[in-house]
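The structure appears right after this line, and notes come after that.
Just so it is clear, none of the values below were taken in a lab; they were calculated from the coordinates. It should be emphasised that the depicted structure is a prediction, and the values quoted were computed from it without experimental measurement. Note that each Cβ is placed from the backbone with ideal geometry, even for glycine, and that neighbours are counted across all protein chains shown.
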Amino acid sequence: MKAFKILPVVAFAFLPAVSHADMTGEQVFKGVCTTCHSAGVMGAPKFGDKAAWAPRIKQGEDTLVQHALHGIRMMPPRGGKSSLTDAEVKAAVHYMVSHAQ
Ligand code: HEC
């Protein structure tokens, strides 16, 4: 019967490890990137603006992801939210790119 007492404790101990499920690209965009990319703050390419995104997309999505992760000119690394995972930043880039083609 000891197992019944231990099991919930063990389950609880593992909770923090699984609590950070990656956000989708849309969630990351709406939570972080929208601040600059919706209004075009400091020359940020606007969401859905094909003309603004076309020359950037030409660099390749992998390059855009690198620039989003590490920052480029006025674009802060990870949009300024350092807690975002690489996968979340990548998903957000993909979300913006796929809405600007
Ligand atoms: C504080 C404002 C700000 C936030 C927040 C922000 N960006 Fe940007 N972003 C910029 C600016 C400004 C540029 C234009 C930089 C340039 O080319 O001079 C830019 C450019 C980019 C580019 C194009 C880079 C290139 O090589 O042309 C990508 C991709 C990008 N941002 C992704 C993101 C993602 C993903 C997020 C959210 C996680 C995000 N940004 C949040 C300001 C921001």
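Near Thr35: Cβ cut-off under 14 Å, other residues only, Lys/Arg at +1 and Asp/Glu at -1. The net charge is +4. With kT/(6 pi eta Rh) evaluated at 25 °C and eta = 0.890 mPa s, and Rh the Kirkwood radius from Cα pairs, region 23-98 diffuses with a coefficient of 204 µm²/s according to Stokes-Einstein.
Other residues lying with their Cβ under 13 Å from the Cβ of Ala52 contribute a combined charge of +3, Lys and Arg counting +1, Asp and Glu -1.
Taking a straight line from the alpha carbon of Lys30, these aspartates and glutamates sit under 13 Å away, with near neighbours fewer than eight places off in the same chain left out: Glu88.
In this rough spin-label picture, where each label sits 7 Å from Cα along the Cβ direction, the His20-His94 distance is 2.0 nm.
Here is the tail figure for region 23-66: Cα pairs spaced more than 12 Å apart come to 64 percent of all pairs.
I need the calculated FRET efficiency for the pair Ile72 and Lys30, taking r as the beta carbon distance and R₀ as 22 Å, to the nearest 0.05.
With R0 = 22 Å, the Cβ-Cβ based efficiency is 0.50.
Residue by residue, region 45-53 carries 3J(HN,Hα) couplings of x, 6, 4, x, 8, 4, 5, 6, 8 Hz when phi is fed to the Karplus relation 6.51 cos²θ - 1.76 cosθ + 1.60 (θ = phi - 60°); x denotes Gly or Pro. Shown here for region 36-80: trypsin sites (Lys or Arg not before Pro) in loop regions (DSSP other than H, G, I, E, B) with at most 15 other Cβ atoms within 10 Å, namely Lys58, Arg73. The label point for Ala51 and the one for Ser83, both projected 7 Å from the Cα toward the Cβ, are 3.9 nm apart.
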